[in-house]
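The values are calculated or read from the model by the stated rules, or taken from the named source; none is laboratory data. From a predicted model like this one, the values you see are computed outputs, not experimental measurements. We place every Cβ from the backbone using ideal geometry, glycine too, and count neighbours over all the protein chains shown. Heavy atoms of the whole protein, side chains included, go into the accessibility calculation; ligands, DNA and RNA do not. Shrake-Rupley method; radii C 1.70, N 1.55, O 1.52, S 1.80 Å.
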Amino acid sequence: MQRLIFSKAQLLEELGIVENTLRALIEQRAFPRPRKMGAKLFWLIAEVADWLAGCPMAWAGDSTTAPTSGQKEGRAPTA
């Protein structure tokens, strides 16, 4: 059976964030609120995936190239 939910620990590990960041995002309504079953909190993977899909791209403009080490953002590489 395919996994449908993340526990808090799984979510923090998957996103690479700490609990304080998660709480701040939820308070700002910038992240899906957890669901509750008894005393356990969990997040639906589908809701987290939708949130991730709505996050802005890291680099504006040409999405096929990202700045490399030593290259400044916003400048085109020189030949």
Cβ pairs under 7 Å, 6+ apart, first in segment 10-34 and under 13 Å from Glu47 (Cα atoms), second open to solvent by less than 40 Å² (accessible area, probe 1.4 Å) and not in a helix (DSSP H, G or I): Leu11/Trp43; Pro32/Trp43; Pro34/Phe42; Pro34/Trp43
Gly74 of a type outside the set (A, V, I, L, M) and either at pLDDT below 95 or surrounded by 10 or more Cβ atoms within 10 Å (Cβ to Cβ) (or both): yes
Residue count, segment 35-63 (criterion: free of Cβ contacts under 8 Å to residues at least 24 places away in the same chain, open to solvent by 60 Å² or more (accessible area, probe 1.4 Å), within 18 Å of Arg3 (Cα to Cα) and among the hydrophobic types (A, V, I, L, M, F, W, C)): 3
